[in-house]
Amino acid sequence: MANHIFILATVMLLAGIFGGLVNYYLYGDKDPDAASLPRFLVVGVGASFLVPVVLDMVNSELVLESQGDPSRLLIFTGFCLISALLSRFFIDNLSDRILNEAHVAKSRSEEVQQNLRTIQNELLPLIDTETEQDAASEDNQVHAMVDELDVTSTQVLKILSSGRFIFRSLAGVCREANEEESTILKTLHVLTIRSLAGKVSGKNGVRWHITEKGRRVLESNL
């Protein structure tokens, strides 16, 4: 049995080396690196030594049958040689498949993260509205902002805080305020900087909403 294992190991080694040399002369011109030949040989030998594992997985008795039958040993040698010759083909295809799957997974991950950020940005105003705030800590700041609000800012805050929609479009705010788009956009940016309003970007574009701080300022101004 030990002699047979030695014979099989020798067959797999020689078949792997031969397959690696064939692959090198067929594909070596595509990879002029001086270390290409050792890589081809290692890959060929490795693929050849995987043949017994593959045969065992398919419940083949070829390894045992080759012990007393030279014809079966010849068939085993052929399997090793085929495996070595096709090693580059399988490895290249496997590498391309892994890379493609990695790119797809990365794209899906980025898409999921973007969707999560969008959902988070859309939920934060709702959570903020339904959460009781500590009014005492910001009373002075709120009163200071009330004095700084102009007529347009107050009007925009009222529009954002009323109506059936929490997230308002620029066109809708302009229509209700009866003001030019440039004026409303400038006002919204000022309110956003002061944390009185906020904006979210979704599949429908940019939408604006009033913050809890904006609601308190608006209530203090009434």
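Just so it is clear, none of the values below were taken in a lab; they were calculated from the coordinates. Predicted, not measured: the structure shown is a model, and the values here were computed from it. Note that we place each Cβ from the backbone using ideal geometry, even for glycine, and neighbour counts take in every protein chain shown.
One table, with the values for the structure above:
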| quantity | calculated |
| --- | --- |
| Spin-label model distance (nm) - Ser201 vs Ser71, 7 Å beyond Cα toward Cβ | 7.3 nm |
| Reachable lysines, given that their alpha-carbon falls under 21 Å from the alpha-carbon of Lys186 and they are not under 8 places away in the same chain | Lys158, Lys199, Lys213 |
| For the stretch 182-222, size of Cβ-based charge dipole, Lys and Arg +1, Asp and Glu -1, in debye | 120 debye |
| Inter-site label distance for Ile119 and Ala102 at 7 Å from Cα along Cβ, in nm | 2.8 nm |
